[in-house]
1. Taking the criterion of being under 25 Å from Ser260 (Cα atoms) and loosely packed, with under 12 Cβ neighbours inside 10 Å, would at least one residue in segment 68-85 satisfy it?
2. Which condition does Glu159 not pass, out of (1) free of Cβ contacts under 8 Å to residues at least 40 places away in the same chain; (2) exposed (fewer than 14 other Cβ atoms within 10 Å of the Cβ); (3) more than 22 Å from Thr128 (Cβ to Cβ), if it passes all the others?
3. Condition test on Ile167, is it under 11 Å from Phe266 (Cβ atoms) and either surrounded by fewer than 23 Cβ atoms within 10 Å (Cβ to Cβ) or among the acidic types (Asp, Glu) (or both)?
4. For Arg36, all conditions in the list (1) part of a helix (DSSP H, G or I); (2) at pLDDT 65 or above; (3) loosely packed, with under 10 Cβ neighbours inside 10 Å hold save one; what is the number of the exception?
5. When you scan segment 245-274, how many residues do you find that are open to solvent by 40 Å² or more (accessible area, probe 1.4 Å), of a type in the set (Val, Ile, Thr) and within 20 Å of Ala162 (Cα to Cα)?
6. Restricting to segment 108-122, and then to whatever is modelled with pLDDT of 85 or more and of a type in the set (A, V, I, L, M), can you tell me which residue is farthest from the chain's Cα centre (by Cα)?
7. Taking the options Phe59, Phe107, name whichever one is in a helix (DSSP H, G or I), open to solvent by 60 Å² or more (accessible area, probe 1.4 Å) and of a type in the set (Phe, Trp, Tyr).
8. Would you confirm whether any residue within segment 206-213 is of a type in the set (Lys, Arg) and under 30 Å from Glu106 (Cα atoms)?
Amino acid sequence: MYVSPRCSVSILLTTVSTNQISEFGRFLAHVNREFRNFLIALKHSARDLAPIVLVIAFFQIVILQQPFPDIAELITGMILVVLGLTLFIRGLEMALFPIGESLAYEFARKGSLFWLLFFAFALGCGTTIAEPALIAVANEAAIVAAEGGMIIDTPDSRESYALGLRITVAISVGLAILVGVLRILKGWPIQYLIIGGYIGVVLLTMIAPREIIGIAYDSGGVTTSTVTVPLVTALGIGLASSIKGRNPMVDGFGLIAFASLTPMMFVMIYGMLI
């Protein structure tokens with residue numbers, strides 16, 4: 001059957017238009033689904049922050065009996081906090097958790113122990129060095145060290161001290177994640193490693209300079225924050241899920257405990273060496 005060129009062009013345009021409409025429909029459905037998920041996450045964030053708001057309001061109004069200094073700015077700030085927390089959590093669910101788990105699956109599938117351990121170390125170092133909380137603590141520690149006479153009170157000296165502290169903590173977390181991944185592969189009981197680590201913390205506390213002990217303890221907490229926790233947790237769960245004979249609930253968790261433990265020891269050693 002003969003089909004004229006004009007008819008062929010019409011059929012082609014109709015097919016293209018149908019495909020475009022179908023793609024646009026899928027896009028709208030995706031946007032609608034993501035918007036509903038965002039609203040659910042927004043509600044959960046507001047619910048999670050409600051106790052904090054109530055506690056602050058109670059002490060400000062009932063105990064101190066003073067009005068809020070700038071209610072408009074306070075409300076604006078709370079709205080930004082809710083939106084920021086919602087976007088952050090949604091971003092973790094959409095990007096960081098899947099990436100961490102998929103990388104763990106791929107490394108386990110390839111079966112290369114060296115590259116898996118190297119990736120674990122690099123992940124621990126890279127995420128820790130970028131932690132905003134660690135940057136803040138390191139900068140404050142440098143200022144206090146300069147004022148206390150531990151280092152020369154110059155901008156370069158403070159910057160060098162803060163950077164050295166951050167690198168020390170990053171290396172310690174990298175080693176911690178490496179040991180944690182090795183524990184998952186070998187099936188070692190986590191409690192013995194944790195107990196041994198804290199014995200090391202206690203022993204170092206006895207000989208470390210008094211000025212560095214508090215910074216060392218705080219470094220263990222700030223390293224496991226917004227950047228490190230999602231990726232490291234996803235790595236542990238993904239790795240335990242992909243290895244035969246491992247239980248994600250038993251073996252997948254515990255990497256964060258190592259990441260909190262080793263910085264305390266390394267920072268105290270750093271304080272003894274500088």
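The values are calculated or read from the model by the stated rules, or taken from the named source; none is laboratory data. Keep in mind that this is a model prediction, so the values were computed, not measured. Glycine gets a Cβ as well: all are built from the backbone with ideal geometry, and neighbour counts include every protein chain shown. Accessible surface areas use protein heavy atoms only, side chains included; no ligands, DNA or RNA. Shrake-Rupley method; radii C 1.70, N 1.55, O 1.52, S 1.80 Å.
1. No, because not a single residue in segment 68-85 is under 25 Å from Ser260 (Cα atoms) and loosely packed, with under 12 Cβ neighbours inside 10 Å.
2. In the conditions (1) free of Cβ contacts under 8 Å to residues at least 40 places away in the same chain; (2) exposed (fewer than 14 other Cβ atoms within 10 Å of the Cβ); (3) more than 22 Å from Thr128 (Cβ to Cβ), Glu159 misses (3) alone.
3. Criteria met by Ile167.
4. It fails just one condition, (3).
5. 2
6. Ranking the qualifying residues of segment 108-122, first place goes to Leu117.
7. Going through Phe59, Phe107 in turn, just one is in a helix (DSSP H, G or I), open to solvent by 60 Å² or more (accessible area, probe 1.4 Å) and of a type in the set (Phe, Trp, Tyr): Phe59.
8. No, segment 206-213 contains no residue that is of a type in the set (Lys, Arg) and under 30 Å from Glu106 (Cα atoms).
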